[in-house]
């Protein structure tokens with residue numbers, strides 16, 4: 001019976017934190033296909049934040065390994081939501097070329113949002129150290145699929161003229177939340 005009480009407490013805590021949780025962050029650390037970018041992962045981060053009527057997403061291309069791949073840039077971001085967004089806004093972001101909403105497959109993975117970034121001129125590219133911010137409407141943070149293979153970036157201009165498709169395996173903020181809740185439960189059980 002005590003185990004059920006503890007389990008109920010953990011579930012209630014998770015729901016409370018999830019409701020109050022305003023954003024989630026993903027780290028792009030795993031190569032899905034193509035070459036492996038130089039430097040230490042994560043090669044990019046993405047934060048999804050709830051806003052009125054939708055979400056705001058910021059993608060940051062991390063500045064690593066500039067000596068071997070100084071011209072590396074992100075050309076595309078693919079996302080999977082549990083429901084299709086109803087619209088989008090680029091917010092005048094200088095790196096975004098187009099946002100497409102609809103069902104598609106890329107490298108055998110399913111997505112329903114594709115953000116194409118500018119590849120020319122080179123000064124418009126989403127290069128290392130830069131961020132891009134846009135909005136999607138009709139969805140919230142909880143509508144993001146959020147598991148393995150829910151987000152993928154295309155990274156171009158790697159060594160030997162290779163490109164890479166990199167995924168974010170787990171949301172970093174949810175992983176930290178799970179570790180924290182496990183620690184709280186362990187502490188609570190030790191007190192009894």
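FYI, it's all coordinate maths here, none of it is from the lab. Just so we're clear, the structure is a prediction, and the values are computed from it rather than from any experiment. Heads up, the Cβs are rebuilt from the backbone with ideal geometry, glycines too, and the neighbour counts pull from every protein chain shown.
Fraction of C-alpha pairs exceeding 25 angstrom in region 23-170: 21 percent, rounded to a whole number. Counted residue by residue at 0.36 nm each, then reduced by the alpha carbon distance between them, the extension gain from residue 63 to residue 84 reaches 4.4 nm. As a proxy for reagent exposure, 72, 125 were ordered by neighbouring Cβ count within 10 angstrom, fewest first; the result is 125, 72.
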